[in-house]
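Since the structure comes first, as structure tokens, the remarks are kept for the end.
The values are calculated or read from the model by the stated rules, or taken from the named source; none is laboratory data. What you are looking at is a predicted structure, and each value in this text was computed from that prediction instead of being measured. Neighbour counts run over all protein chains shown; Cβ positions are idealised from the backbone, glycine included. Heavy atoms of the whole protein, side chains included, go into the accessibility calculation; ligands, DNA and RNA do not. Shrake-Rupley method; radii C 1.70, N 1.55, O 1.52, S 1.80 Å.
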Amino acid sequence: MEIISPYNGDLYEGPIWHHDEKALFWVDILRGTIHRYDLKGFYSEIRLQDYVSSISPTISGGIIATSGRSFFIVSFNDGSVKEIYKVQEWDQRNRFNDGKCDAMGRYWIGTMNLEEKEPTAGLYVLDTDMKFRQILDNVTISNGLAWNSDNSVLYYIDSPTKKVFSFDFDIKTGKISDRKTISDLASEPGVPDGMTIDSRGMLWVALFGGGKVVVIDPKNGDIIDEVPVPTPNVTSVTFGGQNLSRLFITTAKIHLTNPDKNAGYVYSEKVNVTGTKVNICGF
Ligand code: BGC
Ligand code: CA
């Protein structure tokens with residue numbers, strides 16, 4: 001496993017592989033930075049004014065980012081940052097956390113309780129017509145999101161439950177129903193955080209505090225494989241590189257009283273499985 005970030009962060013998160021740019025992007029939520037690293041070895045970053053919790057490629061060419069209580073279009077070509085939507089009613093006990101677009105380009109974004117204790121948070125959607133709606137409430141730390149290949153299922157993580165849930169997903173309306181627990185990670189170390197899905201439909205789940213990524217078969221919840229990471233706080237995982245056969249893993253220093261020397265870097269490893277492309281947002 002190799003380190004690909006030039007230095008470590010406090011809370012590296014939300015890695016995405018940008019197919020057209022052949023580049024990996026990730027964020028440091030607490031520093032409010034977006035980082036870009038391409039296959040040619042070129043590295044750059046942009047800092048926003050507030051926490052940046054998630055990013056996705058978008059049809060207008062830039063990157064869309066959730067920061068503060070708003071959505072921004074960020075361009076690495078000219079460094080511009082443009083607010084496109086601001087959430088009006090905000091519960092001050094929460095902040096934005098993981099987010100991703102679905103195959104219709106809607107932005108799914110979760111919030112988390114800042115103290116990581118109370119179920120004050122939720123899951124929301126920003127539709128491409130700029131309507132913002134709440135999908136779930138009673139969430140504590142909204143985290144990993146992934147859709148199956150025919151977009152009939154949404155997989156979802158609320159970290160403290162230590163479970164991976166599935167919902168029936170209606171791609172036309174963007175509605176979810178019939179929540180089920182597909183995997184209970186109670187006997188695993190740490191809590192499930194970011195998640196991605198491979199081309200076989202298996203889920204790759206980062207274990208925050210668990211020092212690894214586990215691979216779960218959603219049909220029966222079995223852990224079929226795991227990838228050890230040399231530091232405990234593994235925040236998220238995605239596939240990228242040529243043929244989407246390289247794993248990129250983000251890690252964090254937060255919550256460690258004496259962070260180990262490996263904490264907070266972005267790691268990469270070649271795997272024998274291929275991933276799936278991230279959806280492009282419609283903004
Ligand atoms: C959050 C962290 C949290 C972690 C574990 C991450 O997605 O951004 O603040 O500690 O999940 O629950
Ligand atoms: Ca996360």
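Is there a residue being assigned to a strand (DSSP E or B) and open to solvent by 40 Å² or more (accessible area, probe 1.4 Å) anywhere in segment 140-160? Give the derivation first.
We begin by selecting, within segment 140-160, every residue assigned to a strand (DSSP E or B); these are 141-147, 153-158.
Those still in the list that are open to solvent by 40 Å² or more (accessible area, probe 1.4 Å) too: none.
No: segment 140-160 contains no residue that is assigned to a strand (DSSP E or B) and open to solvent by 40 Å² or more (accessible area, probe 1.4 Å).
From the list Ser60, Ser44, Ser67, which one is of a type outside the set (Asp, Glu) and closer than 21 Å to Asp193 by Cβ? Walk me through it before giving the result.
Details: Ser60 fails: closer than 21 Å to Asp193 by Cβ; Ser44 fails: closer than 21 Å to Asp193 by Cβ.
Going through Ser60, Ser44, Ser67 in turn, just one is of a type outside the set (Asp, Glu) and closer than 21 Å to Asp193 by Cβ: Ser67.
Where residues in segment 19-37 are of a type outside the set (Phe, Trp, Tyr) and crowded, with 20+ Cβ neighbours inside 10 Å, which of them is farthest from ligand 2 (Cβ to nearest atom)?
Within segment 19-37, the first condition is being of a type outside the set (Phe, Trp, Tyr), and the residues that meet it are 19-24, 27-36.
Add one more test, that the residue is crowded, with 20+ Cβ neighbours inside 10 Å, and what stays is 23-24, 27-29, 34-35.
On the way: Ala23: 21, Leu24: 16, Val27: 10, Asp28: 12, Ile29: 8, Ile34: 15, His35: 16 Å.
Looking at residues that are of a type outside the set (Phe, Trp, Tyr) and crowded, with 20+ Cβ neighbours inside 10 Å, I get Ala23.
Is it the case, given these coordinates, that Phe76 is within 26 Å of Asp10 (Cβ to Cβ), open to solvent by less than 70 Å² (accessible area, probe 1.4 Å), modelled with pLDDT of 95 or more and within 16 Å of ligand 2 (Cβ to nearest atom)? Talk me through it step by step, then tell me what you get.
Working: within 26 Å of Asp10 (Cβ to Cβ): yes; open to solvent by less than 70 Å² (accessible area, probe 1.4 Å): yes; modelled with pLDDT of 95 or more: yes; within 16 Å of ligand 2 (Cβ to nearest atom): no.
Against the criterion (within 26 Å of Asp10 (Cβ to Cβ), open to solvent by less than 70 Å² (accessible area, probe 1.4 Å), modelled with pLDDT of 95 or more and within 16 Å of ligand 2 (Cβ to nearest atom)), Phe76 does not qualify.
Just to confirm my filter: which strands (runs of 3 or more DSSP E) fall fully inside segment 167-245 and include at least 3 residues that are within 16 Å of ligand 1 (Cβ to nearest atom)?
On the way: elements: 175-184, 191-197, 203-208, 212-216, 223-228, 234-240.
By residue number, 191-197, 203-208, 212-216, 234-240.
Got at least one residue in segment 162-179 being within 13 Å of ligand 2 (Cβ to nearest atom) and either within 27 Å of Pro228 (Cα to Cα) or touching a residue at least 24 places away in the same chain (Cβ under 8 Å) (or both)? Working first, answer last.
From segment 162-179, those within 13 Å of ligand 2 (Cβ to nearest atom) are none; that's our starting set.
Among the residues of segment 162-179, not one is within 13 Å of ligand 2 (Cβ to nearest atom) and either within 27 Å of Pro228 (Cα to Cα) or touching a residue at least 24 places away in the same chain (Cβ under 8 Å) (or both), which makes the answer no.
Test Lys40 against the criterion of being without any contact (Cβ under 8 Å) to a residue 40 or more places away in the chain, closer than 24 Å to Ser268 by Cβ, away from ligand 2 (no atom under 16 Å from the Cβ) and among the basic types (Lys, Arg), and give yes or no. Outline the logic, then answer.
On the way: without any contact (Cβ under 8 Å) to a residue 40 or more places away in the chain: yes; closer than 24 Å to Ser268 by Cβ: yes; away from ligand 2 (no atom under 16 Å from the Cβ): yes; among the basic types (Lys, Arg): yes.
Spelling it out, Lys40 is indeed without any contact (Cβ under 8 Å) to a residue 40 or more places away in the chain, closer than 24 Å to Ser268 by Cβ, away from ligand 2 (no atom under 16 Å from the Cβ) and among the basic types (Lys, Arg).
Could you count how many residues in segment 215-263 are more than 18 Å from Ile141 (Cβ to Cβ), within 16 Å of ligand 2 (Cβ to nearest atom) and either among the β-branched types (Val, Ile, Thr) or at pLDDT below 95 (or both)?
Going through segment 215-263 one residue at a time, the tally reaches 4.
Is it fair to say Lys82 is free of Cβ contacts under 8 Å to residues at least 60 places away in the same chain, open to solvent by 10 Å² or more (accessible area, probe 1.4 Å) and within 16 Å of ligand 1 (Cβ to nearest atom)?
no
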